[in-house]
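Structure record follows, encoded as structure tokens.
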Amino acid sequence: MIFNLGSINIDYTYLVPYFVRPGETLESDDYNIGLGGKGVNQSLAIARAKGMVSHWGRVSSIDAWVTSELESAGVDVKDIELTPEPSGHAIIQIDALGENAILLFSGANHGFTREKMTALVAQTAPGDTILIQNECNGLDQLILLAVSHGCKVIFNPAPMTSKVSSLPLDQCELLFFNRTEAAALLEMPVDSSAADLLMRCKESLGDVEVVLTLGSEGAWYQRSNETLFQPALKVKAVDTTAAGDTFVGYFLAARQAGLTPSQCLQRAATAAALAVQKFGAASSIPMASEVDGIIYQST
């Protein structure tokens with residue numbers, strides 16, 4: 001089982017010709033309300049990839065419908081807490097090129113206490129996996145609690161903030177970065193090559209496994225002296241909002257099923273390519289059968 005302490009957001013998505021500028025009022029071409037948040041997206045991706053995942057999260061009781069939607073997808077929701085606080089939410093602009101700009105409000109996602117995290121970790125067994133992103137509070141405490149309990153911590157430090165560098169990243173089993181996140185953490189130019197970023201990761205993090213995603217430029221996996229590359233599928237992107245979360249979820253479900261790192265990369269890249277061809281966050285994450293079909297056609 002993968003235990004995912006992750007954000008739950010309500011997404012307000014607007015389709016716009018370009019991102020709104022300071023002082024400007026811009027009319028949107030379309031509007032949608034849906035389920036989102038990096039944590040929820042990754043749990044849904046794991047479940048749709050036929051992985052086993054339990055979501056640890058907090059959401060307003062007003063938005064209790066979230067638990068039903070997750071449960072119907074195959075996510076274990078018994079440890080989602082309904083709170084009187086407002087849910088986290090995001091205002092998302094999607095431009096004509098499919099790129100996004102996101103304004104985030106943390107809400108209930110930042111209400112985890114040490115006592116609550118201790119109780120959640122106590123449910124796990126040594127060797128279990130705990131997945132985290134950077135949209136919930138208390139990650140420094142959680143990483144140390146998880147490691148002391150014998151769990152493997154997998155971290156996707158997105159959205160990247162200055163606080164990430166102070167976390168005990170060397171205690172993590174696996175880290176997922178995109179180019180911007182890796183460059184910020186490693187204090188390197190954002191246009192640094194993949195080879196340079198991976199080399200600095202190894203120098204800074206030792207033998208921690210790293211997956212570096214580069215969008216249309218593909219993805220890299222590194223552990224010790226092993227380095228693998230997965231090219232991206234050539235598709236027309238309309239919305240990249242959940243592409244990274246889809247990649248993470250499918251990679252971890254494949255890993256849980258015992259696939260090799262190369263196979264994990266292939267499934268993750270295929271799923272992400274399908275996701276960017278649809279609008280929305282959670283709604284764009286493909287089913288395993290869709291991914292299987294693409295992979296079967298390519299072999």
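The values are calculated or read from the model by the stated rules, or taken from the named source; none is laboratory data. It should be emphasised that the depicted structure is a prediction, and the values quoted were computed from it without experimental measurement. All Cβ positions, even for glycine, are placed from backbone atoms using ideal geometry, and neighbour counts span all protein chains on display. What goes into the accessible areas is simple: the full protein's heavy atoms, side chains included, and nothing from ligands, DNA or RNA. Shrake-Rupley method; radii C 1.70, N 1.55, O 1.52, S 1.80 Å.
Worth pointing out:
- Residues considered: L198, L174. Of these, the only one that is under 19 Å from the mean Cα position of the chain (by Cα) and open to solvent by less than 60 Å² (accessible area, probe 1.4 Å) is L174.
- For region 164-211, filtering for residues that are within 28 Å of L103 (Cβ to Cβ), among the charged types (D, E, K, R) and touching a residue at least 12 places away in the same chain (Cβ under 8 Å) leaves 2.
- Residues within region 246-278 that are open to solvent by 70 Å² or more (accessible area, probe 1.4 Å) and touching a residue at least 40 places away in the same chain (Cβ under 8 Å), tallied: 3
- Matching residues, region 26-65, being of a type in the set (A, V, I, L, M) and crowded, with 24+ Cβ neighbours inside 10 Å: V40, L44, A45, I46, A47, A49, V53, V59
- Residue among I102, I132, I143 that is within 30 Å of F19 (Cα to Cα), touching a helix residue (DSSP H, G or I) at 6+ places or on another chain (Cβ under 9 Å) and either at pLDDT below 95 or of a type in the set (A, V, I, L, M) (or both): I132
- The single condition from (1) in contact with a Lys or Arg (Cβ under 8 Å, 6 or more places away or on another chain); (2) among the charged types (D, E, K, R); (3) surrounded by 15 or more Cβ atoms within 10 Å (Cβ to Cβ) that D207 fails is (3).
- Test for A281: is it open to solvent by 30 Å² or more (accessible area, probe 1.4 Å), within 20 Å of A49 (Cα to Cα) and in contact with an Asp or Glu (Cβ under 7 Å, 6 or more places away or on another chain): no
- Evaluation of G51 against the conditions (1) within 19 Å of A90 (Cα to Cα); (2) of a type outside the set (A, V, I, L, M, F, W, C); (3) part of a loop (DSSP other than H, G, I, E, B); (4) touching a strand residue (DSSP E or B) at 6+ places or on another chain (Cβ under 9 Å) shows that the sole unmet condition is (1).
- Selection of region 205-226 for residues being over 17 Å from N156 (Cβ atoms) and either touching a helix residue (DSSP H, G or I) at 6+ places or on another chain (Cβ under 7 Å) or part of a loop (DSSP other than H, G, I, E, B) (or both) yields G206, D207, G218, S224, N225.
- Near pairs, Cβ below 9 angstrom, 6+ apart or cross-chain, from region 103-130 (over 30 Å from I91 (Cα atoms)) to any residue that is among the hydroxyl-bearing types (S, T, Y): V121/S148; Q123/S54
- Qualifying residues in region 66-100 (those that are closer than 23 Å to T13 by Cβ and of a type in the set (S, T, Y)) - the one most open to solvent (accessible area, probe 1.4 Å): S72
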